[in-house]
Amino acid sequence: MKRDRVMADARIMNGRELASIVRKQIKAVISQANVRAPKLVVVLVGNHPASLTYVKAKERAGLEIGLNVELVHLSENITPIELKRVILAINHDSSVDGAIIQLPLPSHLQANECLNWLDPKKDVDGLSALNLGKLVNGDASGLLPCTPKGIVRILKHYQIETKGKLVTIIGRSTIVGRPLSILLSHSAWGGHATVTLAHSHSADLIHLCSQADILICAAGSAKLIRSEFIKPNATVIDVGIHKLADNTLCGDVDFASAKEQAGLITPVPGGVGPMTVAMLLQNCMLAWKRHFGLAIDDEEIL
Ligand SMILES: NC(=O)c1ccc[n+]([C@@H]2O[C@H](COP(=O)([O-])OP(=O)(O)OC[C@H]3O[C@@H](n4cnc5c(N)ncnc54)[C@H](OP(=O)(O)O)[C@@H]3O)[C@@H](O)[C@H]2O)c1
């Protein structure tokens, strides 16, 4: 069913603006604290071009709000033992509050194994087994993965009710779809949604998507989702990022087609991406606050 033609295009959920608000809040907290500033260490292995761009963006965003950021750039050929030694030194350094290992890693390194070397208290990407386990258990003492956390934050900011709603997420990765499906369905995190987690083996994707009150696309397939996938007036969150031949960016959603059918939609760029970085900074602030026993707002956890 197509939306009534007299209705306006979807309202844009501005992740860039919301991320800026979050960054300003963090900056104010850091500048008013009477302990040293938080420190984030970014570990980059090799010279993956997209990773270099992401790492620089994280470094810049951190420095702008008063974080100390150290980039540890390691050789593509580093052995697992050498990398473990670097991570353990970070764990033992009490001046470091948060650390991330930029993914993807070269193929001779097992990402899951390397992520688990990090002290879970400093694992500000929230991807270690302990932090993912705490997410599943609804245990708020951990750190949540940044992209799912950023998406929940967008939904909250735009007052999108998830309780009792049908949510379809396309993509079951450990960094986006799977943890998000748990956050949105779990009673402990307040989601209470009925979640369908679709993947490349799912039958009839159009049907699964067009039932959804909230459709979240994290498939990594450019412009996969068009208006016929979208329930009229549904909320659409686009996680995908793709560089087109003309150097412009697009998402997993065909924005021009989808905005005629959706009620609210995130753009690419300017939607989920900036919120992911903002949540990384927020997780670093959270780890720092826990280290110094400073007061924590519920909103900083989720
Ligand atoms: N904005 C941000 O901050 C941010 C953060 C992270 C990722 N991203 C972007 O989000 C996208 C997804 O990232 P990811 O790391 O989660 O990707 P990923 O690890 O490659 O996972 C993609 C998932 O989508 C599923 N899938 C792929 N094509 C599909 C199709 N045609 N129909 C149904 N399911 C399909 C795959 O199914 P199978 O499991 O069956 O293979 C897989 O579960 C990428 O474009 C990435 O660049 C953006």
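The values are calculated or read from the model by the stated rules, or taken from the named source; none is laboratory data. Given the structure is predicted, the values throughout are model-derived calculations rather than measurements. In this analysis, Cβ positions are derived from the backbone assuming ideal geometry, glycine residues included, and neighbour counts consider all displayed protein chains. Each accessible area value is taken on the protein alone, full model and side chains, heavy atoms only, with ligands, DNA and RNA left out. Shrake-Rupley method; radii C 1.70, N 1.55, O 1.52, S 1.80 Å.
Before moving on, here are some points about what is shown:
- From the list Ser173, Ser141, Ser107, Ser75, the one residue that fits, being closer than 27 Å to His291 by Cα, at pLDDT 95 or above and either among the aliphatic types (A, V, I, L, M) or surrounded by fewer than 22 Cβ atoms within 10 Å (Cβ to Cβ) (or both), is Ser141.
- Residue within region 249-264 that is of a type in the set (S, T, N, Q), assigned to a loop (DSSP other than H, G, I, E, B) and in contact with a helix residue (DSSP H, G or I) (Cβ under 6 Å, 6 or more places away or on another chain) present: yes
- Scan of region 166-184 for residues that are under 20 Å from Ala129 (Cα atoms) and in contact with a Gly (Cβ under 6 Å, 6 or more places away or on another chain), ordered by number: Gly171, Gly177, Leu183, Leu184
- Of the residues making up region 19-40, those that are open to solvent by 30 Å² or more (accessible area, probe 1.4 Å) and assigned to a helix (DSSP H, G or I) are Ser20, Ile21, Arg23, Lys24, Gln25, Lys27, Ala28, Val29, Ser31, Gln32.
- Complete set of residues in region 265-300 that are in contact with a helix residue (DSSP H, G or I) (Cβ under 7 Å, 6 or more places away or on another chain) and more than 16 Å from the ligand (Cβ to nearest atom): Met285, Leu286, Ile296, Glu300
- Within region 116-136, considering residues that are open to solvent by less than 10 Å² (accessible area, probe 1.4 Å) and of a type in the set (A, V, I, L, M), the one farthest from the ligand (Cβ to nearest atom): Leu118
- Extreme residue, most open to solvent (accessible area, probe 1.4 Å), among residues of region 252-291 that are farther than 13 Å from Cys146 by Cβ and β-branched (Val, Ile, Thr): Val268
- Any pair with Cβ under 9 angstrom, 6 or more apart, that starts in region 254-274 at a residue that is over 19 Å from Tyr54 (Cα atoms) and touching a residue at least 40 places away in the same chain (Cβ under 8 Å) and ends at one that is acidic (Asp, Glu) and not in a loop (DSSP other than H, G, I, E, B): Ala258/Asp238; Gln261/Glu228; Ile265/Asp238; Thr266/Asp238
- Any chance Thr79 is closer than 28 Å to Cys217 by Cα and hydroxyl-bearing (Ser, Thr, Tyr): no
- The residues on offer are Ile241, Ile230, and the sole one that is open to solvent by 10 Å² or more (accessible area, probe 1.4 Å) and either over 17 Å from the mean Cα position of the chain (by Cα) or of a type in the set (A, V, I, L, M, F, W, C) (or both) is Ile241.
- Identification of strands (runs of 3 or more DSSP E) wholly contained in region 137-234 with 2 or more residues that are of a type outside the set (A, V, I, L, M, F, W, C), without any contact (Cβ under 8 Å) to a residue 60 or more places away in the chain and more than 16 Å from the ligand (Cβ to nearest atom) yields no element.
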